[in-house]
1. Work from the charge dipole of the chain (Cβ charges, +1 for Lys and Arg, -1 for Asp and Glu, about the Cα centre) and give the residue of SER15, VAL37, THR5 farthest towards its positive end.
2. Helix-only mean residue ellipticity at 222 nm, the chain, DSSP H runs n ≥ 4 weighted -39,500 (n - 2.57), per residue, nearest 500. What is it?
3. Where nothing but the Cβ of Lys and Arg (+1) and of Asp and Glu (-1) is charged, how large is the charge dipole of segment 1-50 around its Cα centre, in debye to the nearest 20?
4. Between helix 3-47 and the chain, what is the angle of the helix's C-alpha long axis to the longest principal axis, kept within 0 to 90° and rounded to the nearest 10?
5. Rounded to a whole number of µm²/s, how large is the Stokes-Einstein D of the chain at 10 °C and 1.306 mPa s, given Rh as the Kirkwood radius over C-alpha pairs?
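None of the figures in this text is laboratory data; all of them are computed from the coordinates on show. Everything quoted here is computed from the prediction, not taken from an experiment. Counting neighbours? That spans all protein chains shown, and the Cβs are built from the backbone with ideal geometry, glycine included.
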Amino acid sequence: MNGNTIINKINKNASLLLLEDQLINELSGILRMLWSVFVKIKEERRWFGFN
């Protein structure tokens, strides 16, 4: 294993980590959106007299 292969492995791992980061960001954004929709629905149901 020469220096280039090691550098390539490090680069691959780094780009995988970046992808993971982006996925986590998108997922948390989606979750936040769903949560706010859920909260709005709960508030509206209370407004109309449902429990």
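1. Toward the positive end, the furthest listed residue is VAL37.
2. On the way: 1 runs with 45 residues, N = 51.
My calculation for the chain gives -33000 deg cm²/dmol from helical runs alone.
3. Values: 7 positive and 5 negative charges, 32 e Å.
Magnitude of the dipole: close to 160 debye.
4. 0 degrees
5. Values: Rh = 14.3 Å.
Roughly 111 µm²/s, to the nearest whole number.
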